[in-house]
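Each remark here refers to the structure printed beneath this line.
The values are calculated or read from the model by the stated rules, or taken from the named source; none is laboratory data. The structure displayed is predicted, hence computed values, not measured ones. Positions of Cβ are generated from backbone atoms using ideal geometry, with glycine treated the same way; all protein chains shown enter the neighbour counts. Heads up: the accessible areas ignore ligands, DNA and RNA and are worked out on the full protein's heavy atoms, side chains in. Shrake-Rupley method; radii C 1.70, N 1.55, O 1.52, S 1.80 Å.
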Amino acid sequence: MTDVRDKVIGIIAEQAVLEPADVSADATLDDLGIDSLGLVESIFAIEEAFDISVPFNANAPEAGDFDISSVDAIVAGIERLIAEQHGRTGGA
């Protein structure tokens, strides 16, 4: 799912005002300078780009089921959600 990785990194890079090449897989959102508002905007952009629903609570980001500890963790979570949500509905 390289396109998923590339799209997610592109969205995160845009939010961090960086080039995608400057976003490393093990970087945290803090490392990239993305604050809580930027995180929420990134989640919305990801949901729209992949037509999925991310189980994320902006008021308690650590309390949720969705791992935002690194770029890699976010990509893995998005890939899992795409498989679950599109597989269940028979979508793209």
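General observations
- Contact order normalised by residue count of the chain, Cα under 8 Å, 6+ apart, percent: 29 percent
- What a 1.4 Å probe finds exposed on the chain is 49% carbon and sulfur by accessible area, rounded to a whole percent.
- A protection proxy built from the mean count of other Cβ atoms within 10 Å ranks the segments 36-47, 68-79, most packed first, as 68-79, 36-47.
- Using alpha-carbon coordinates, inclination of helix 2-16 to the longest axis of the chain, degrees: 40 degrees
- Gyration tensor verdict on the range 2-52 (Cα atoms; rounded if a/c is under 1.5, prolate if a/b is larger than b/c, oblate otherwise): oblate
- Cα gyration tensor shape of the chain, rounded if a/c is under 1.5, else prolate or oblate by comparing a/b with b/c: oblate
- Taking every DSSP helix (H) stretch of at least 4 residues in the chain, weighting each as -39,500 (n - 2.57) and dividing the sum by the residue count yields a mean residue ellipticity at 222 nm of -17500 deg cm²/dmol.
- Taking all protein chains into account, the per residue accessible area for the chain stands at 58 Å² (1.4 Å probe).
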